[in-house]
Structures are given as C-alpha cells and as structure tokens.
1. Answer yes or no: is there a residue in the range A:214-232 that is within 14 Å of another protein chain (Cβ to nearest Cβ), open to solvent by 10 Å² or more (accessible area, probe 1.4 Å) and among the aromatic types (Phe, Trp, Tyr).
2. Identify, from the list A:Gln250, A:Gln152, the residue that is within 21 Å of the chain's Cα centre (by Cα) and either touching a residue at least 40 places away in the same chain (Cβ under 8 Å) or not in a strand (DSSP E or B) (or both).
3. Look at the range B:43-98 and say how many of its residues are among the aromatic types (Phe, Trp, Tyr) and in contact with a Gly (Cβ under 8 Å, 6 or more places away or on another chain).
4. Specify which of the listed residues (A:Arg186, A:Arg204) is within 14 Å of another protein chain (Cβ to nearest Cβ), touching a residue at least 12 places away in the same chain (Cβ under 8 Å), open to solvent by 10 Å² or more (accessible area, probe 1.4 Å) and in contact with a strand residue (DSSP E or B) (Cβ under 7 Å, 6 or more places away or on another chain).
5. Find the residue count for the range A:412-458, including only residues that are more than 22 Å from A:Arg594 (Cβ to Cβ), in contact (Cβ under 8 Å) with a residue 40 or more places away in the chain and not polar (S, T, N, Q).
6. For the subset of the range A:136-162 comprising residues that are within 9 Å of A:Lys199 (Cα to Cα) and away from chain B (no Cβ under 14 Å), which member is most open to solvent (accessible area, probe 1.4 Å)?
7. Which of the residues belonging to the range A:300-315 are at the interface with chain B (Cβ under 7 Å from one of its Cβ atoms) and either open to solvent by 10 Å² or more (accessible area, probe 1.4 Å) or under 13 Å from A:Lys325 (Cα atoms) (or both)?
8. Could you run through the range B:26-44 and say how many residues are closer than 12 Å to A:Phe217 by Cα and within 20 Å of the chain's Cα centre (by Cα)?
Amino acid sequence: MRYAETGFNLEVDLTRGNIERVETDPRDTELYLGGLGTNAKILWDRVPPEVEPFSPDNLLIFAAGLLCGTPATGCNRTIVSTISPQTRLMAFSMMGGFWAPELKYAGYDKVIFRGKSPNLVYLLINNDKVEIRDAAHLQGKGAIETAELIRQELNDPKVQVAAIGLAGENRINFASIEQGRSSASRGGIGAVMGDKRLKAIAVRGTKDINVARPAEFIELCKDVLNYIKFREENPIPGVIPILAVLGSPQEMKIHDEKWHTENFVWGNARLRRKDFWNDDIAKQWYDSMESFRKRFISCYNCPLECGATLAPPGQPTYMMKCFTKLTYSMGAMSDSLEFGLRIAQRATEYGVDGYSAPQVMAFALELLEAGILTEKDFPEMPDDNAHGSEERFYYLLDIIVRREGIGDVLANGTYWAAKEIGNGAEEYAHNNIKKIEQLPLKLGWLNPIYFLMYCTGAKVNITQIEGQFPQAPFPKREHREKFVKDWFQVPDDRFKQYFLDWEPRGENSMPYYPTVEMTCDIVDWMEKMHYIDDALGLCAGLSSFHLKPPYHIHNMPKFISAGAGIEMDEDKLSKAAKRYRTLVRAVNIRRGMRRKDEKPPEDHLKKRFPELEKELLDTYYKFKGWNNEGIPTKESLHELGLDYVSQDFIQRGILADGEEIPAKEALLEIEPA
Amino acid sequence: MTGNKKTKIIKNIKIDINKCNGCRACEMICSAFHAAPQYSGNNPARSRIRVIHYPLKDIYVPVYAGEYAEAECMGRDKYVIDGKEYDECAFCRASCPSRDLFKEPDSGLPLKCDMCEDHPDKEPLCVQWCYVDALTYEEREEEVDEEEVKLEDVEIGLESMVDKYGLEQVMDVVARMSQKE
C-alpha cells in the first residue's frame, strides 16, 4: 500500500489521443520524494537536450506534491515542469489553490503530457474516467472564463480547472497557467501547454489519500497549526511588514506600500521614486483596494488568507495575490493602483506572468523613446497621459497577446525580442537572469548571500530561493540576540552565530561578511528548504520563504515518515533534496547552461566586487560538488547515486572520463566597477 | 398532565458566511476524523460538512449534513442576500437525490453530522480547525417538557388525519401498523 501518494501517474499522448494509468516505482519516491524531485527524474530520463521546447517530444508534467491531499496544512501545490521556451532550460513553476489535492483524490500523483493534439482540447479527469475532450468552443476564452465554462458544461462546481488564456494559445513566451486564484507563471509554461493545444485540465476526485501513521501525523499537523497561531500573534519585529507575518506576501491586506514603491524601480526597471509615497497616494490606494476587494481567500487546507477576490466595477471578478498588485502600475509609471488592479484582470484572463508582462511593455516603450522602435511599429497607439502609460499598456498587452505587428516580437520576452529587434535593443533587456525578467530591484551594495542566490537559483526567481535567513543584519546586537533566542528552525546553531556577528557597519558587514564560507552554508540551507517544499507540495509561505516558519528541517522528516511511511531523518532528507537539486542542475547543464550564465541582472548592483564575486562562485560550486564550470562532478554524482548522470555527461563530452575537466578561468562576465 | 421538565443541551454551530475563506480545512479534518482508523485517510467527498462555494460570485457557505431525504424538493427557491443570489440548496443539510453531497462516495449511503461525539473535546473538529472563526461553537441549555409534548404532537397529527380520512380508516391503518411491528 502506498501512503500519502497514490502510486499512479497518468500518461497522456496528445498526438494519438492515448491515455494510460501507470504505476510508479516506490523506490523513486524514496530517492526523489515527489513533485519537483520526481519531475526532474522524468525530464532527465525522457527529454534529451536536443528536444526543443515546442517539440511534441517535450513533456509537460503537472505534479501534486508528495503530501498534497493529506491533512498537512498548506500542502496544496501543483508543480508544473517542462522545458521553458524562454530560458530553454528546465522550468518548474508552481501554483497553490485546489488543483493538486483534487488530482490526488482522483487517484493520481502526476499527469504527464507528451505529443501535440491536432485540435484544441481539454483533459477531463473524473476518478477512473479520463477523457480528452474537444475545446473548440473555448478557443480564445480567458483562463478564468474557461474554468467557469467547463464547470458549467459539466454541471459540477467542485471540478478544479487549470487553464490557459489566449496568451498560452498563442505561445507567448511568458504565458501562465491559471487556476482561478493561483497561477504557475514563470518560464512560459503556459506557452508549452498552448503548443500542445491543451486548453485546460479539469479534475474531480472522490477517493481517499491515506497516511502511514495517522495518530502521529495528525499531532504534527496540530503542532504546525498552533505555531501558525503563535506567529500570527507574534509578528517578527524589525523586518518589513510582508516578512513579519507568514504567508505569501500579504499584498491584499497590507496597505502600506511605501517600501515596495520607493525601493523597487519603476518603468523598465529604471527609476527609483524615493518620495513617491505620501498621504494622498496612501488614501487613494487604500480606497481602490478596499472598494474592489470582496473577500480574503485561502488555498486548500490553509488558514492564511494570501489571496483576495477583486471586483473592479464594470469588469469581471477575478482573484489575485502577492506582488502583481503593483507590477502593472509601476511598469506603466502610473500613480494609480486602480489602473494596476484593472489591467491585471485582463492580464489574468489572457494568462500572462505578472512579473514579465509589465516589464516587456515598459521595455517596448523605452525602445520607442530611444528611437530603436518607431511610431510606425505601434499603429494607433494612444498617447501617454497624466497617468503615465496606462492606455498604452492596455494597447501593448492586447497586441502582444494577439501577436499583432511588433507584439509578435515582444511576445517572446525582452531577451529574445531585443535580439530580434537588434540596433542596440539588447541594452534595454537589462533586468534578466538567464533570459527571464526579474523583480525590478536595484541594489547599492553587494549582499553576498543574494549575489549567490541570484546567480545560481534554478527557478530564476529570487523569491523562490530566499527566506529562512534575514535579508539584512539587525542594527543592534541586542536585537539579534532577541531574534536568535527562539530560532529553533536553524539546522545547526552555527547559523545563529553567523547572524549574531553580522553588523550593519564595520568589519563584520557586507560584502565581506558573512564570509564566503558562511554565505555558501546559508544559501545552501535556504535553497534546500525550497527544494523540499517543491517536492512535498508545501507552500513556501508556511515554510522556506519565511524567517521562523512552522515547517522546518526538524519536523519535515517526521511528516514524511508518518505521512508517506518512508523512514526519514534530517540527513536522509537533505541528501534527497541535494539529489534532485543536482538533477535539475544536470538537466540544465546538458542543455548547455554554464558558469557564464550565472550572473545577476546587468545593472542590478551599483558597486561590483569582481574578486569577491569570483571567489563566491568558486567556493559555492565546490561546496555544491560542482566543478569550476558549474558542472556536477563525477564524485559528487556518485555520492548521490546519480552515476547515470555522469555516464551521460561523459558520453556527451561534458565531463572527461577518468578525470575532471580542469578548472578553467572563471568565465563570469564581470563589468568594471 | 404533570409536566416533567428535563434539561437538554443544544449543540450549536454558528456559521458566519462572511468570514469563510473557502480553505475547506473543515472538510479535510471531518473526513480524516471519521476515517477508520481515525485520521488514517482523508477525502473531502466523505465529509459531513461541505463548503458550497462559487468564488466568482463570492459565495461561500459551509453546510452540515442533516437528514436523509428520499426525494428532492418539488420546487426550489432562491434567496437574495446582500445582493448575492443563493440557491435554496446552498443552505440545505439534506442528503438528497438532487446532489452528490453527504453521500459515501463508494456506497452512496447518506452521511450525517454527529458533532464529533466520539471526540473527547466538546467542540467539533471542524470548528477547531477553522482558524478564521467562520465556524464557532455554542452550547445552550433548554428546558423541555417530556412525553406530554410528544403526545400532544401525535394527537394533532392524528386529528388532521381523522379529518381527512375519517376515524375508522385511521384506526384500521394504526391496527395494521401495530401488527407489522
């Protein structure tokens, strides 16, 4: 008997219309846990590097995390993995909501799509009954609209639907997959879904998910809930509001946006508006949010209310969470939150990434201003007005999603669009890592921890690797002492010492403190926690994204033991996480990723420290068991039981047989300070 | 009539539909608690509480399983509350042929909320796991008359039957029923 997981995947060949229910190997669960871990294994095994993102041979995997569907609070994440059209590397974007538990209750851990359907279709899973259905009537419909139409035609409000909008259908490189109130946005996975002509996946399940040791498991769950309550009553002092409390950043609740609007940069990640926030703005923004917001909403089995239902008068109701609240207003240089919330409704129906889309539009307007693009490229585009580029943003969003005119080029994201436009456009695609648009942040000073995370994060999104360790030192030692007092989540007490000795100024300050070794240790810990979450289907908002979270390295092995019946301890879990983290790395290395690709956005850091940066990467690679090019070494692969990877590397000439490729000079393209 | 008074504890779950965030933790814990062995399995389809929800209409109504109904209602009403239109069924506790709520998914047998009477805590588990207080528990004592009240009820019922069918027919039926038992 399998516990926590169902032990079955659905294999769907869209070309031939074939559906199979395939039993999985429990040994894979032990080695790679589930979710992201087993997704990485499947992509390694079945998608060789020659496969193009838009090839029928590319797989699109929807996985429910290992503990989804159990009583574990906040275990509800769907991990979608494929080869990204934007980065051409492995994408593993995720979403919360209700879809993953429903899939488990239907009796499956994953749905694996291959091939390409001749016509637009959707997949309906109702327990053992699985069918590919015609979706011609859903063509061009919004993502949220599609979900509602499917529920209506099935006459079942309990069906959970993940769908793409027009952006996915038109293979926009930053198209998302939407699920009512959650979306898997990064890396253009919605475009792969559209390429496969798959409009939606509707799931309904009424089967049991069992846990191995029920009494023990439910006590662990209660401890987590009690700690959530404790954290609710005891916000962490001395950090910005969104980090003081648990959950995805509480953007629907917190009205004070001084920090975001004045520290993040506007337009095409350019302008810092240091005195933007004032009483008038605060009042306008408060009124907009309060008048649009109907209710705070949660994901499956989680008491936190990170999302909200928004009903802009005259527009359809939609749901939102997190930072998309601000990205459109800031991209368009608009002082109006109302604009941001209104255009986000259209963008959600189209199904685009709320980070990339506004930046692509701001990039287009910069190119126009710089004369690299001309008025002719934007026929009938409205003028800017007193409220920034609001009308232009609606125009741009439409032509991009419909791939009309220059929109057809912009639809590929800033990196690829700049390449195609040429004429100096590349310089304007300046806020990318590995070809993906990033949060618009510019830093004056190098934080060694963030430097490494930016360079090496495989999700290519800072929020998907940070957490656990404070972003900056606290001003006084007494504050730090107080902070570490009940910091039991650390894997080892040395992390407390790292933090205690971290000073805002002087010898123990950034960029040389935390030391290179400490930095590696801290980054590895933070990354590990995200990878565990992504395999278990656990929300980072209750775990890896936070300082002092309810889930941590000490209780996670117990959840796995009592839940899945796999004997687990901290070491074994850390090793499993390292195994599939290395596998994700291996997939990307095999696709050509190297050290040269691992760098922060170009003008992200005002002051650079070339030697320190080199030392950080050198040391971190070594720490991770990678050679100086960032390639996992034969020894480290062997230690993780990944000999099949090193064999493949040797066959392809990525690693030399018998010896490691000699460490080359660092290829990091360091710009002069 | 002497009127023997008896104290009865009425268990009440107060449902605040404005506070519900739709997380369905109530469904989860109900199905887990009622699994055998306890907490071994989890399946909202077996839950005795369901959140009837239409997120885009901002409708979230937690409903408890009540009596089994053999037949669905002949006509149904709609309620408009605070500008939102609710189906009558959104408030109905019946396990009824018109819908798949409150039925064991395997056997189709009706489910009914038992207020977690097997649990040592007074508060049902759905209430305990509802962190936003959409569900709160209240107990109140009520003094009720014993027996006599019931007899009166029976008499009223029978009188209407007698009015409709005549005393003789009703007596025949009662006689036949008592033979069957």
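1. Yes: one or more hits.
2. Numbers: A:Gln152 fails: within 21 Å of the chain's Cα centre (by Cα).
Exactly one residue qualifies, and that residue is A:Gln250.
3. Of the range B:43-98, the ones among the aromatic types (Phe, Trp, Tyr) are B:54, B:60, B:64, B:68, B:79, B:86, B:91.
Okay, now just the ones that are also in contact with a Gly (Cβ under 8 Å, 6 or more places away or on another chain), so B:60.
Final tally of qualifying residues: 1.
4. Working: A:Arg186 fails: within 14 Å of another protein chain (Cβ to nearest Cβ).
Checking each option against the conditions leaves just A:Arg204.
5. 14
6. The initial filter retains those residues of the range A:136-162 that are within 9 Å of A:Lys199 (Cα to Cα), namely A:138-139, A:143, A:146, A:162.
From what's left, away from chain B (no Cβ under 14 Å): A:138-139, A:162.
Values: A:Leu138: 0, A:Gln139: 108, A:Ala162: 0 Å².
Per the stated criteria, the residue is A:Gln139.
7. First, pick out the residues of the range A:300-315 that are at the interface with chain B (Cβ under 7 Å from one of its Cβ atoms): A:300-303, A:305, A:309.
Matches in the range A:300-315: A:Cys302, A:Pro303, A:Glu305, A:Thr309.
8. The number of residues fulfilling the criteria is 1.
The values are calculated or read from the model by the stated rules, or taken from the named source; none is laboratory data. Since the model is a prediction, treat every value here as computed from it, not as a measurement. Glycine gets a Cβ as well: all are built from the backbone with ideal geometry, and neighbour counts include every protein chain shown. What goes into the accessible areas is simple: the full protein's heavy atoms, side chains included, and nothing from ligands, DNA or RNA. Shrake-Rupley method; radii C 1.70, N 1.55, O 1.52, S 1.80 Å.
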